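Beneath this line is the structure, given in structure tokens, with notes to follow.
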Amino acid sequence: MAMMTGAQYIESLRKLNTRVYMFGEKIENWVDHPMIRPSINCVAMTYDLAQDPQHEDLMTATSHLTGEKINRFGHIHQSTDDLMKKVKMQRLCGQKTASCFQRCVGMDAFNAEYSTTYEIDKKYGTDYHERFKKFLLYVQENDLVVDGAMTDPKGNRGLAPHAQPDPDMYVRIKEVREDGIVVRGAKVHQTGSINSHWHLVMPTQAMKEADKDYAVSFACPSDAEGLYMIYGRQSCDTRKLEDGADVDLGNKQFGGQEALVVFDDVFIPNEYVFMAGEYDFAGMLVERFSGFHRQSYGGCKVGVGDVVIGAAALAAEYNGVEKASHIKDKLIEMTHLNETLYCCGIACSADGCATECGSYIINMLEANVCKQNVTRFPYEIVRLAEDIAGGLMVTMPGEKDFKSDLVVGKNGETIGDVCNKYFAGNDDVCSTEDRMRVLRFLENICLGSSAVGYRTESMHGAGSPQAQRIMIQRQGNIEGKKALAKEIAGTK
Ligand code: SF4
Ligand code: FE
């Protein structure tokens with residue numbers, strides 16, 4: 001099957017019977033729901049860009065399984081060049097959506113599973129790698145979106161999975177049958193889960209023998225029997241439900257998506273099981289997936305950052321302050337921070353290497369440094385954007401006021417007239433509405449629904465800062481550095 005267009009992808013979602021709940025109710029037509037649709041448009045962009053000859057080199061790749069052209073989001077990296085193109089593709093998608101476009105979690109999970117299943121098989125003589133290859137082939141041929149699902153609810157963080165008072169706090173094998181397994185538990189803050197055709201589930205942390213039942217990885221369709229999702233709400237999300245909402249949304253077309261995914265005794269046939277009890281490989285799978293996703297942030301967040309910087313520069317222009325030296329300097333600082341993140345994304349890719357099965361993996365230390373910077377720099381970029389934009393981005397009246405024809409002034413002025421008069425900026429370069437639009441966009445990305453993707457996700461997505469610090473400590477080779485110092489300093 002050929003690669004899908006964005007429109008075909010959206011139609012393909014309609015064929016799924018995915019169970020979605022929001023605000024305590026079942027959402028029947030979630031594809032057209034005004035709060036969900038922007039996140040679907042965002043994923044659709046990963047399809048449409050792949051159809052554009054201009055972006056073919058970044059957005060598509062040659063499948064190592066079939067030799068066919070596929071969407072890069074379904075590709076297993078075959079070189080450091082592939083790894084770098086992945087980051088560049090993510091920057092492009094971020095630039096086009098200013099949101100989390102969700103499809104990378106699946107791509108990163110494919111790449112982690114591909115090499116890890118190979119190594120499990122080598123030790124245990126299992127056939128997980130072949131099973132996984134078959135699943136991947138199906139994904140590539142049908143150009144599917146897959147949610148790479150890792151994070152468990154975890155309950156009491158001080159207790160191991162098996163020691164939790166409620167055994168469902170980590171996804172587990174509840175029953176082993178001859179033809180498959182029954183799984184139970186949940187995955188939290190699942191990016192793009194509702195918009196995915198399939199889920200690829202992985203353990204959330206390294207495990208010991210007592211947690212054997214929790215060392216489980218498998219694939220299942222999003223509408224599998226027993227699987228359902230509860231939509232995660234976002235700041236200012238109900239603005240999307242307002243009649244004719246446009247300017248107030250800031251980003252009308254695109255958005256991210258997170259949900260709670262529940263596995264209520266879901267049966268998984270053996271062909272879709274890729275780890276079942278090999279607890280000593282849970283850590284490897286987690287590290288590889290996290291490493292790939294920490295690399296990803298050196299692309300996606302940079303692309304969104306490009307739009308934030310652009311919006312801040314526009315706001316300055318619309319306010320008539322673009323020539324002020326401190327504004328220019330703030331834009332330089334934002335650019336410096338954003339490009340530093342990109343450098344990290346490219347560096348960990350360029351320094352990547354082959355795994356045992358031949359697929360390519362990033363440099364782990366550099367990928368973790370990349371993500372550690374992402375936990376900080378977007379916050380500073382947003383701080384500077386808010387500084388440049390001014391307080392109006394959070395104090396101005398709503399779109400309906402700007403459009404109101406209710407007479408309030410002594411000379412017959414309407415609310416709309418008054419708002420348009422007093423909120424005008426440099427009217428040589430912009431209308432009052434354009435000024436509102438750019439400020440609302442910044443509000444959306446700094447504090448509104450897109451702040452999930454640009455701010456808090458920068459902190460916690462792909463692992464919270466401490467998770468990277470542990471990896472940096474492990475990979476930092478302090479002993480080797482001490483030896484360097486000793487040698488030059490001449491200590492005995
Ligand atoms: Fe992709 Fe970035 Fe969203 Fe992760 S946070 S799914 S890397 S866009
Ligand atoms: Fe993420």
> Relative contact order (percent) for the stretch 45-202, with alpha-carbon contacts under 8 angstrom and 6 or more residues of separation?
Replying inline: 20
>> As a test of reading the structure, rank Phe441, Phe135, Phe267 by solvent-accessible area (1.4 Å probe, protein chains only), most first.
In response: Phe267, Phe441, Phe135
>> Only four residue types carry charge here, +1 at the Cβ of Lys and Arg and -1 at the Cβ of Asp and Glu. Report the dipole size of the stretch 289-477 about the Cα centre in Debye, rounded to the nearest 20.
In response: 580
> How do the peptides 327-333, 50-56 rank, highest first, by the average count of neighbouring beta carbon atoms within 10 Å per residue?
Replying inline: 327-333, 50-56
> Can you work out the FRET efficiency for the pair Asp264 and Lys482, with r the C-beta to C-beta distance and R0 = 51 Å, to the nearest 0.05?
Replying inline: 0.45
> Which value in nm describes the separation of the simple spin-label points at Ala7 and Thr66, placed 7 Å from the Cα toward the beta carbon?
Replying inline: 2.3
>> Rounded to two decimals, what is the ratio between the C-alpha radius of gyration of the stretch 148-217 and 2.2 N^0.38 Å?
In response: 1.11
>> Leaving ligands and nucleic acids out of the surface, order His197, His336 by accessible area at 1.4 Å, largest first.
In response: His336, His197
> Excluding ligands, DNA and RNA, what is the solvent-accessible area per residue of the stretch 87-221 at a probe of 1.4 Å, expressed in Å²?
Replying inline: 35
>> On a straight-distance basis, which aspartates and glutamates could pair with Lys96 in a cross-link, Cα separation under 12 angstrom, same-chain partners fewer than 8 positions away excluded?
In response: Asp48, Asp306
>> Shape verdict for the stretch 241-337, please, from the Cα gyration tensor: rounded (a/c under 1.5), prolate (a/b greater than b/c) or oblate.
In response: oblate
> So, counting K/R as plus one and D/E as minus one, what does the shell of residues with Cβ under 10 Å around Phe263 add up to?
Replying inline: +1
>> Which of rounded, prolate or oblate describes the stretch 13-156 when judged by the alpha-carbon gyration tensor and an a/c cut-off of 1.5?
In response: oblate
> With a sphere of radius 12 Å drawn around the Cβ of Gln102, what net charge do the other residues whose Cβ falls strictly inside it have (Lys, Arg +1; Asp, Glu -1)?
Replying inline: -3
> Based only on Cα atoms, what Rg/Rh ratio does the chain have, Rh being taken as Kirkwood's radius?
Replying inline: 1.01
> Which loop GluC sites (Glu not before Pro) in the stretch 98-196, with loop taken from DSSP, have no more than 14 other Cβ atoms within 10 angstrom of their Cβ?
Replying inline: Glu178
> What accessible area per residue, rounded to a whole number of Å², is obtained for the stretch 289-477 using a probe radius of 1.4 Å?
Replying inline: 42
> Ordered by packing density, taken as the mean number of other Cβ atoms within 10 Å over each peptide's residues, highest first, how do 67-75, 242-250, 471-479 rank?
Replying inline: 67-75, 242-250, 471-479
> With charges set only on the Cβ (+1 for Lys and Arg, -1 for Asp and Glu), what does the dipole of the chain come to about its Cα centre, in debye to the nearest 20?
Replying inline: 1220
> Let a ≥ b ≥ c be the square roots of the eigenvalues of the Cα gyration tensor of the stretch 6-285; is it rounded (a/c under 1.5), or, if not, prolate (a/b larger than b/c) or oblate?
Replying inline: oblate
> Quick one: Cα centre-to-centre distance for the stretch 421-492 and the stretch 42-96, in angstrom?
Replying inline: 24
> Counting only protein heavy atoms and using a 1.4 Å probe, what share of the accessible area of the stretch 236-319 belongs to carbon plus sulfur, as a whole percent?
Replying inline: 48
>> Please compare each pair in Lys88/Lys123; Lys154/Lys371; Lys86/Lys371 to a cut-off of 27 Å on the Cα-Cα distance and tell me which ones are over it.
In response: Lys88/Lys123
> If the label point is 7 Å along Cα→Cβ of Ala489, which residues in the stretch 446-479 have backbone nitrogen under 20 Å from it?
Replying inline: 476-479
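The values are calculated or read from the model by the stated rules, or taken from the named source; none is laboratory data. Small disclaimer: the values here were computed from a predicted structure and weren't measured. We place every Cβ from the backbone using ideal geometry, glycine too, and count neighbours over all the protein chains shown. When the accessible area is computed, the model is the full protein with side chains, heavy atoms only, and any ligands, DNA or RNA have been set aside. Shrake-Rupley method; radii C 1.70, N 1.55, O 1.52, S 1.80 Å.
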